[in-house]
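Enquirer: The following block contains the structure, expressed as C-alpha coordinates.
The values are calculated or read from the model by the stated rules, or taken from the named source; none is laboratory data. It should be emphasised that the depicted structure is a prediction, and the values quoted were computed from it without experimental measurement. A quick note on method: Cβ atoms are made from the backbone with ideal geometry, for glycine too, and the neighbour counts reach across all protein chains shown. In case anyone asks, the SASA skips ligands and DNA or RNA and just uses the protein heavy atoms, side chains included. Shrake-Rupley method; radii C 1.70, N 1.55, O 1.52, S 1.80 Å.
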Amino acid sequence: LHYLQRYWTDKVRQIPGAQVHTPKDPKYSGALALFSVEGMTPGDVGNALFNKARIHTSATVWENISGVRVTPHIYTSTKDLDLLVNTISSIASEARKKGKS
(Lines give C-alpha, C1' and ligand atoms only; values in the text may rest on other atoms or scores of the structure.)
Protein backbone atom coordinates (compact mmCIF):
# COMPACT_ATOMS: atom_id res chain seq x y z
CA LEU A 1 0.00 0.00 0.00
CA HIS A 2 2.91 2.32 0.66
CA TYR A 3 4.09 1.66 -2.88
CA LEU A 4 0.70 2.64 -4.31
CA GLN A 5 0.60 5.86 -2.29
CA ARG A 6 4.11 6.84 -3.35
CA TYR A 7 3.38 5.86 -6.97
CA TRP A 8 0.74 8.54 -7.42
CA THR A 9 1.93 11.16 -4.91
CA ASP A 10 5.42 11.35 -6.40
CA LYS A 11 3.82 12.18 -9.76
CA VAL A 12 1.32 14.67 -8.35
CA ARG A 13 4.12 16.51 -6.53
CA GLN A 14 5.40 17.45 -10.02
CA ILE A 15 2.09 18.95 -11.21
CA PRO A 16 2.02 22.77 -11.12
CA GLY A 17 -0.86 23.98 -8.94
CA ALA A 18 -1.24 20.66 -7.10
CA GLN A 19 0.14 20.10 -3.63
CA VAL A 20 0.50 16.83 -1.73
CA HIS A 21 0.18 17.40 2.02
CA THR A 22 1.22 13.90 3.07
CA PRO A 23 4.88 13.59 4.06
CA LYS A 24 7.18 11.66 1.72
CA ASP A 25 8.86 9.88 4.62
CA PRO A 26 7.20 6.45 5.06
CA LYS A 27 7.64 6.79 8.86
CA TYR A 28 5.00 9.55 8.74
CA SER A 29 2.60 8.25 6.10
CA GLY A 30 0.68 5.17 5.06
CA ALA A 31 -1.63 4.13 2.26
CA LEU A 32 -3.78 7.25 2.19
CA ALA A 33 -2.65 10.70 1.16
CA LEU A 34 -4.11 14.19 1.08
CA PHE A 35 -3.67 16.68 -1.75
CA SER A 36 -5.16 19.97 -2.91
CA VAL A 37 -5.38 22.04 -6.06
CA GLU A 38 -4.60 25.75 -5.82
CA GLY A 39 -7.68 27.94 -6.27
CA MET A 40 -10.19 25.14 -5.66
CA THR A 41 -12.03 23.86 -2.61
CA PRO A 42 -11.61 20.20 -1.68
CA GLY A 43 -15.28 19.66 -2.54
CA ASP A 44 -14.80 21.13 -6.02
CA VAL A 45 -11.74 18.94 -6.64
CA GLY A 46 -13.56 15.84 -5.41
CA ASN A 47 -16.55 16.61 -7.64
CA ALA A 48 -14.28 17.19 -10.64
CA LEU A 49 -12.50 13.86 -10.07
CA PHE A 50 -15.83 12.05 -9.95
CA ASN A 51 -17.38 13.88 -12.90
CA LYS A 52 -14.33 13.51 -15.16
CA ALA A 53 -13.22 9.97 -14.29
CA ARG A 54 -15.63 8.45 -11.74
CA ILE A 55 -12.89 8.55 -9.12
CA HIS A 56 -14.25 8.42 -5.56
CA THR A 57 -12.37 10.47 -2.98
CA SER A 58 -13.13 12.18 0.31
CA ALA A 59 -13.07 15.98 0.59
CA THR A 60 -11.71 16.96 3.99
CA VAL A 61 -12.05 20.34 5.66
CA TRP A 62 -11.43 20.09 9.38
CA GLU A 63 -9.54 22.52 11.60
CA ASN A 64 -6.24 23.15 9.75
CA ILE A 65 -6.65 20.19 7.36
CA SER A 66 -8.02 20.95 3.92
CA GLY A 67 -7.68 18.70 0.91
CA VAL A 68 -8.84 15.62 -0.93
CA ARG A 69 -8.07 12.24 0.60
CA VAL A 70 -7.19 9.37 -1.71
CA THR A 71 -7.03 5.86 -0.30
CA PRO A 72 -5.87 3.17 -2.71
CA HIS A 73 -6.73 -0.45 -1.99
CA ILE A 74 -4.61 -3.52 -2.61
CA TYR A 75 -6.74 -4.09 -5.72
CA THR A 76 -5.95 -0.62 -7.11
CA SER A 77 -3.77 -0.92 -10.20
CA THR A 78 -1.09 1.48 -11.35
CA LYS A 79 -3.29 2.02 -14.42
CA ASP A 80 -6.02 3.27 -12.07
CA LEU A 81 -3.50 5.56 -10.39
CA ASP A 82 -2.30 6.87 -13.74
CA LEU A 83 -5.91 7.86 -14.45
CA LEU A 84 -5.99 9.64 -11.09
CA VAL A 85 -2.75 11.52 -11.80
CA ASN A 86 -3.82 12.51 -15.32
CA THR A 87 -7.19 13.74 -14.05
CA ILE A 88 -5.55 15.76 -11.26
CA SER A 89 -3.20 17.26 -13.86
CA SER A 90 -6.17 18.23 -16.03
CA ILE A 91 -8.05 19.76 -13.09
CA ALA A 92 -4.98 21.71 -11.94
CA SER A 93 -4.36 22.97 -15.48
CA GLU A 94 -7.95 24.18 -15.77
CA ALA A 95 -7.72 25.88 -12.36
CA ARG A 96 -4.50 27.67 -13.39
CA LYS A 97 -6.15 28.92 -16.59
CA LYS A 98 -9.15 30.22 -14.64
CA GLY A 99 -6.81 31.91 -12.17
CA LYS A 100 -5.09 33.79 -14.99
CA SER A 101 -8.37 35.00 -16.51
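Enquirer: Kindly indicate whether residue 32 is open to solvent by 70 Å² or more (accessible area, probe 1.4 Å), under 22 Å from residue 75 (Cα atoms) and under 11 Å from the mean Cα position of the chain (by Cα). Write out each step before concluding.
Expert: Details: open to solvent by 70 Å² or more (accessible area, probe 1.4 Å): yes; under 22 Å from residue 75 (Cα atoms): yes; under 11 Å from the mean Cα position of the chain (by Cα): yes.
So residue 32 passes the test.
Enquirer: One residue is enough: does the stretch 72-94 have a residue meeting the conditions in contact with a Gly (Cβ under 6 Å, 6 or more places away or on another chain) and modelled with pLDDT under 95?
Expert: First, pick out the residues of the stretch 72-94 that are in contact with a Gly (Cβ under 6 Å, 6 or more places away or on another chain): 92.
Within this subset, residues satisfying the condition of being modelled with pLDDT under 95 are none.
No, the stretch 72-94 has no match at all.
Enquirer: Same structure, new question: Search the stretch 13-29 for residues that are touching a residue at least 12 places away in the same chain (Cβ under 8 Å) and pair each with any residue that is in a helix (DSSP H, G or I) and of a type in the set (Ser, Thr, Tyr) when their beta-carbon atoms are under 6 Å apart and the residues are at least 6 apart or on different chains.
Expert: These pairs meet every condition: 15/89; 20/9.
A quick yes/no check of all residues on (1) touching a helix residue (DSSP H, G or I) at 6+ places or on another chain (Cβ under 7 Å); (2) open to solvent by 30 Å² or more (accessible area, probe 1.4 Å); (3) among the β-branched types (Val, Ile, Thr):
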| residue | (1), (2), (3) |
| --- | --- |
| 15 | yes, no, yes |
| 21 | no, yes, no |
| 40 | yes, yes, no |
| 52 | yes, yes, no |
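Enquirer: Output the residues belonging to the stretch 68-92 that are open to solvent by less than 70 Å² (accessible area, probe 1.4 Å) and over 15 Å from residue 35 (Cβ atoms).
Expert: Just the residues of the stretch 68-92 that are open to solvent by less than 70 Å² (accessible area, probe 1.4 Å), to begin with: 68, 70, 72, 76-78, 81-82, 84-85, 87-92.
Passing the criteria: 76, 77, 78, 82.
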